[in-house]
1. Let me confirm the definition first: pairs of Lys residues in the chain, 8 or more apart or on different chains, C-alpha distance under 18 Å. How many are there?
2. Pick from TYR100, TYR256, TYR150: which residue has the top mean-square fluctuation in a GNM of the chain where Cα pairs under 10 Å get a spring?
3. Kindly put PHE228, PHE203, PHE109 in sequence by how many other C-beta atoms sit within 10 Å of each C-beta, fewest to most.
4. The list (i) 19.3; (ii) 24.7; (iii) 18.2 gives values of Kirkwood radius over Cα pairs in Å, and only one came from this structure; which label was calculated from it?
5. Could you go through region 185-191 in sequence order and give the Karplus-derived ³J(HN,Hα) for each residue, using 6.51 cos²θ - 1.76 cosθ + 1.60 with θ = phi - 60°, rounded to whole Hz, and x for Gly and Pro?
6. Go through region 218-234 residue by residue and turn each phi into a ³J(HN,Hα) via Karplus (6.51, -1.76, 1.60, θ = phi - 60°); whole Hz please, and just put x for glycine and proline.
7. With a cut-off of 8 Å between alpha carbons and a minimum separation of six or more residues, what is the relative contact order of the chain in percent?
8. Grab the beta carbon distance between HIS157 and THR102, set R0 = 41 Å, and tell me the FRET efficiency rounded to 0.05.
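What follows draws every value from the coordinates through simple rules; no lab data is involved. What you see is a predicted model; the values in this text were computed from it and never measured. Don't worry about glycine lacking a Cβ; one is built from the backbone with ideal geometry, like all the others, and counts go over all protein chains shown.
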Amino acid sequence: MFAAVLLVCGCKHSEPHDLKVISFNIRYNGWGDIDGENRWTNRRDAVVRMVREEQPAAMGLQEALQDQLQYLDSCLPQYRRVGVGRDDGKEAGEFMAIYYDTARLELLFDTTRWLSLTPEVPSKYEGAGCFRTVTVARFRDRQSGKEFAYLNTHLDHVSDYARILGAQVIGDIVANRLGELPAIVGGDMNTESDSSEYSPFAFFRRAGLQDARTLTDSTSHAITYNAFGQNEGAVIDHFFVRDIKVLRFRTLNGDYGVPYISDHYPIEILFYLPE
């Protein structure tokens, strides 16, 4: 059975069974000449500070390379991670890594699927800019005993067609492979809010997923792609949920010690698993 990763809250609220999940495109390490003062080595300690302050139970990363993950591993020993490199199914290329707090969550299952016609091997749809994956994790909350799935993804940045078909793969996993398990899908969707009948989000809706921003009065519609302040930005990072009670949706655009911890702001939901 497939499942998706979820983030649990550490101690910043009064309900012990509430969970907190973060989705965060951390931007590749390797474009230092382009990024200048915003290069990874100047941002990485602020990223660690953000995680320590927010204390998520789980966190899905996009654009994470092996050296970046190794640094985070060394700084966040209470977390473990799942996910593989998209280029070879091992360590090459972007990881759709899911970190989870082992004191709060028990990992029951994880897998990676490629957003393509052959999802079990590294591959892509024709026209896609690169290989794209979804990491699926199933967890048990050690406090409540309840289970849920978290799916972390990064849809294609080049092809509308590849984005739509990639969302269809994810929707199929949720609709047909998770049973009735509560589910969260999060990530950089490279798509702004879209209610049309033929869009990536249409396939999420058909799988019973709802836009988490719309499920709580305590929400944020602030930009998530900030481009290091080089343009007006866009709202392209999202959470979609099924059978999840969303208490709060936040865009984490506060001060963690540097002007920008990435060219994306992290997004976060606080939620609980209904009876």
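1. Lysine pairs meeting both conditions in the chain amount to 6.
2. Looking only at TYR100, TYR256, TYR150, the biggest GNM fluctuation is shown by TYR256.
3. Ranking PHE228, PHE203, PHE109 by Cβ neighbours within 10 Å, fewest first, gives PHE109, PHE228, PHE203.
4. It is the one labelled (iii).
5. Result, rounded to whole Hz: 10, x, x, 7, 8, 6, 9.
6. Rounded to whole hertz, the list is 8, 9, 9, 10, 5, 4, 10, 8, 9, 6, 6, x, 8, 8, 6, x, 7.
7. Relative CO of the chain lands at 21 percent.
8. 0.80
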